[in-house]
Amino acid sequence: MAVVKADGYGHGAVPVAKAALQAGVTWLGSCSLEEALALREAGITAPILSWLDGPEVDMSTAVAAGVDVGVSSVEQLRRLSGARVHLKIDTGLSRNGCPPERWAELVRAAAVSDNEVYAVWSHLACADDPGHPSIDEQAKRFADAYDEAVSAGLRPKRHLANSAATLNRPDLHFDIVRLGIAMYGLNPLAQPEDLRPVMTFRSQVALVKRIRAGESVSYGQTWTATEDTTLALVTAGYADGVPRLLSNRMEVLLAGARRPIRGRVCMDQVVVDCGDADVSEGDDVVLFGSAARGEPTATEWAEAIGTIDYEIVTGMYRPRVRRRYLGG
Ligand SMILES: *Cc1c(COP(=O)(O)O)cnc(C)c1O
């Protein structure tokens with residue numbers, strides 16, 4: 001299952017879904033029904049599981065559009081008729097999912113409802129930390145929940161693994177794995193994996209100038225040149241997904257080398273210190289992309305400001321940032 005929630009982690013849900021299906025993926029995962037319906041409107045007919053909507057959402061639309069629904073409670077089940085559902089057990093994340101105490105009631109209600117139970121599923125809390133004891137504990141609770149569903153007369157499929165568990169816990173793959181971040185080429189594990197980041201964030205040099213030692217750069221004048229240097233003004237700022245927290249703390253790839261930005265990240269622009277390098281207006285600038293090409297990465301940005309690369313790429317859903325898809 002290709003997870004394309006949050007507009008495909010900021011990459012564009014429809015193009016990602018289409019590429020994933022072309023590559024052999026058989027399921028799509030979305031957070032809300034609205035996201036699932038957008039995929040249907042784009043002509044995508046593959047199975048879609050949608051798992052997080054409040055009671056205000058009219059779920060009959062899911063049935064009409066042939067969208068599978070994640071169900072975590074008897075109340076949610078009662079709002080559905082004629083739907084295909086995936087019953088979700090909370091095995092330790094304490095977020096979505098049915099608490100174990102209410103599971104027997106849910107599977108019994110599902111067994112006699114007019115909905116088809118396709119699968120039993122759950123979500124892991126610490127799969128990115130291999131060996132964390134919660135993983136086996138969740139797997140055990142998941143097995144118990146499955147047995148209870150079978151005892152209630154159901155014959156469901158099972159899915160549990162996110163990207164991290166897909167990469168390092170083949171014993172937890174069951175019938176479907178739900179791949180998010182790894183599909184976008186970002187590694188949720190500390191150990192190296194052979195993944196290539198899908199998203200490259202680029203801009204260009206709008207202006208080049210020389211400043212003298214002692215001159216300062218950007219709002220608050222937080223950086224002062226110690227020698228004469230060449231500055232390149234690059235059109236990308238916090239309105240385009242460059243966290244302002246990266247002020248004085250990031251590099252870009254420009255004119256063949258990684259070069260530091262100086263001073264604060266502004267709404268629309270950053271200033272890059274090019275030393276005595278030969279740079280020109282119009283030069284291509286890579287803000288993040290692939291380490292294999294010598295570019296800074298979304299993961300590096302995340303680590304610099306104490307977050308995860310998921311948040312960086314998902315935060316690239318910005319009207320001002322144009323998306324271009326390569327490779328057909
Ligand atoms: C987001 C999500 C995933 C994908 O997680 P990754 O860590 O990006 O692979 C899988 N399952 C559920 C329920 C999710 O919400």
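Quick look at the numbers
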quantity	calculated
From I181, I211, residue being β-branched (V, I, T) and within 16 Å of the ligand (Cβ to nearest atom)	I181
Filtered residue count, the range 34-88, keeping only those that are under 19 Å from L179 (Cα atoms), within 16 Å of the ligand (Cβ to nearest atom) and in a loop (DSSP other than H, G, I, E, B)	4
Selected residue (criterion: farthest from the chain's Cα centre (by Cα)) from residues of the range 101-132 that are away from the ligand (no atom under 14 Å from the Cβ) and of a type in the set (F, W, Y)	W103
Flag if D171 is within 29 Å of V198 (Cβ to Cβ) and within 16 Å of the ligand (Cβ to nearest atom)	no
From the options L49, L21, residue that is assigned by TED's automatic domain parsing to the domain that holds H159, within 18 Å of the chain's Cα centre (by Cα) and surrounded by 22 or more Cβ atoms within 10 Å (Cβ to Cβ)	L49
Search result, residues across the range 168-193 that are among the aliphatic types (A, V, I, L, M), out of contact with any helix residue (DSSP H, G or I) (no Cβ under 6 Å at 6 or more places or on another chain) and surrounded by 19 or more Cβ atoms within 10 Å (Cβ to Cβ)	I176, M183
Options L87, L80; residue that is over 28 Å from H132 (Cα atoms) and within 29 Å of the chain's Cα centre (by Cα)	L80
Matching residues in the range 13-25 - criterion: being touching a strand residue (DSSP E or B) at 6+ places or on another chain (Cβ under 8 Å) and in a loop (DSSP other than H, G, I, E, B)	V25
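For every residue, the table says whether it meets (1) within 30 Å of S122 (Cα to Cα); (2) part of a strand (DSSP E or B).
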{"position": "L167", "(1), (2)": "yes, no"}
{"position": "Q204", "(1), (2)": "no, yes"}
{"position": "K209", "(1), (2)": "no, yes"}
{"position": "G214", "(1), (2)": "no, no"}
{"position": "T226", "(1), (2)": "no, no"}
{"position": "A236", "(1), (2)": "no, no"}
{"position": "A239", "(1), (2)": "no, no"}
{"position": "L253", "(1), (2)": "no, yes"}
{"position": "R259", "(1), (2)": "no, yes"}
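The values are calculated or read from the model by the stated rules, or taken from the named source; none is laboratory data. Remember, it's a predicted structure, so these values are computed and weren't measured experimentally. Please note: Cβ atoms are built from the backbone with ideal geometry, for glycine as well, and neighbour counts cover all protein chains shown.
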